[in-house]
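Working notes for the structure below.
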Amino acid sequence: MVVRTEAIVLKSTPFRETSRLVTLYTLKLGKLTTVARGAQSRKNQFGSTLQVLSHVQAVIYTRPTRSIQVLTNCSHITVYPGISHDLKRLAIGQRICELVLALTEEGVDSPEIFHLVTRTLSALGDPATHAVLVQLYFQLHLAAALGFGPSFTRDEVERVDDSGGYLMLDTGTISREKDNGSRSLAASRSVLRAFAILYKADFDVILRMQLTEKQRRGLYTLVTRFMRYHVQEAYPERGEEVLSQILGLSPKVQ
């Protein structure tokens, strides 16, 4: 069966002498490993479309009995120069691809995840946005798409006073008091409110959020620790270490 679909290039590596193995997250088929034959030859028809983070229109020849499908054609839909020309944004974009690679299953389609990735990359490519907030928005909403998003009410958030409160890692509940029967992280009132806004507010509101450096560090740790708690061994730790070094973020929650 031949399928034409939008896709994001998550990974691209040399394969044999003239081809490349390309992992795509597609709109119609979810995550797929494909082979682009001749992609490393002098008559390469794919050009720059196989670079990681490319948003493309892909033509894929699929067979249910094959673990690797055949990518027969690829053309650009969107180019994100604002990502490729900025080290921090590029690192965040690659981290987004790494998380999708690690946490989604091959051949299971999710238009929700596909549109989340494209919306996030579009925002990340805009130099006016705060790149770290874009990344944290992506992680929380990826968690929701995978079935373990935070669960809290507005009243719970508003009950947290100036002395701070807690995020319960197992449920994503926000509380003024620590629950001794649940794994929790302490954080300031402002960081917990930012966590709630990041998850509940419209995307354009997120892009206008103004946080101090201390608040961003706390929010980064809350989101990262929440996701790590739920996916455990599947969480790509090395990529997290590299990204936190590039961003200069401390793991300590304030």
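The values are calculated or read from the model by the stated rules, or taken from the named source; none is laboratory data. Quick caveat, the model's predicted, so the values are computed rather than measured. Counting neighbours? That spans all protein chains shown, and the Cβs are built from the backbone with ideal geometry, glycine included. Heads up: the accessible areas ignore ligands, DNA and RNA and are worked out on the full protein's heavy atoms, side chains in. Shrake-Rupley method; radii C 1.70, N 1.55, O 1.52, S 1.80 Å.
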* **Residue-averaged [θ]222 nm for the chain, counting only DSSP H segments that reach four residues, each worth -39500 (n - 2.57)** => -12500 deg cm²/dmol
* So, with a 1.4 angstrom probe, what is the percent of accessible area on segment 1-71 that is carbon and sulfur? -> 49
* From zero up to wherever the largest Cα-Cα distance of segment 1-138 sits, split into 10 Å bins and tell me the percent of pairs in each. => 13, 44, 33, 10, 0
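I'd like the FRET efficiency for Lys28 and Asp162, computed as 1/(1 + (r/R0)^6) with the beta carbon distance as r and R0 of 45 Å, rounded to 0.05. Please list the in-between numbers first.
On the way: r = 50 Å, r/R0 = 1.10.
Step by step, r from the Cβ atoms, then E = 0.35.
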* Working with all protein chains in place, sort Met209, Met1 by solvent-accessible area computed with a 1.4 Å probe, largest first. => Met1, Met209
* Structure fact -> In units of 2.2 N^0.38 Å, the Cα radius of gyration of segment 143-204 is 1.07
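Relative to the present Cα-Cα distance, how much length would full extension add between Arg208 and Thr13 at 0.36 nm per residue of separation?
Values: separation 195, 0.36 × 195 = 70.20 nm, distance 3.70 nm.
This chain segment gains 66.5 nm when fully extended.
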* Asked: How much accessible area does Leu21 have with a 1.4 Å probe, in Å² rounded to the nearest 10?
  -> 40
* Structure fact -> Probe 1.4 Å, all chains present, heavy atoms only: Arg217 accessible area in Å², nearest 10, is 70
* Asked: Taking one equal scatterer on every alpha-carbon of segment 183-236, how large is log10 of I(q)/I(0) by Debye at q = 0.25 1/Å?
  -> -1.02
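For Thr78 and His130, FRET efficiency with R0 = 22 Å and r from the beta-carbon atoms, rounded to 0.05?
On the way: r = 21 Å, r/R0 = 0.94.
Rounded to the nearest 0.05, the efficiency is 0.60.
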* Once you sort the root eigenvalues of the Cα gyration tensor of segment 126-254 as a ≥ b ≥ c, which label holds: rounded (a/c under 1.5), prolate (a/b larger than b/c) or oblate (the other case)? -> rounded
* Two decimals is fine: what's Rg over Rh for segment 77-155, C-alpha atoms, Kirkwood radius as Rh? => 1.00
* Asked: What are the semi-axes of the equivalent ellipsoid for the chain, taken as the square roots of 5 times the Cα gyration tensor eigenvalues, largest first, in whole Å?
  -> 37, 18, 15
* **Thr153-Thr62 FRET efficiency (beta carbon distance; Förster radius 51 Å; 0.05 resolution)** => 0.70
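So how much slack lies between Gln245 and His85, counting 0.36 nm per residue of separation and subtracting their Cα-Cα distance, in nm? Each step should come with its number before you reach the end.
Numbers: separation 160, 0.36 × 160 = 57.60 nm, distance 1.87 nm.
This chain segment gains 55.7 nm when fully extended.
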* **Simple spin-label estimate for Arg4 and Glu237 in nanometres, 7 Å along Cα-Cβ** => 4.6
* Structure fact -> SASA check, Ile246, accessible area w/ 1.4 Å probe, all protein chains in place, rounded to nearest 10 Å², comes out at 60
* Asked: Relative to the present Cα-Cα distance, how much length would full extension add between Arg228 and Ala201 at 0.36 nm per residue of separation?
  -> 7.4 nm
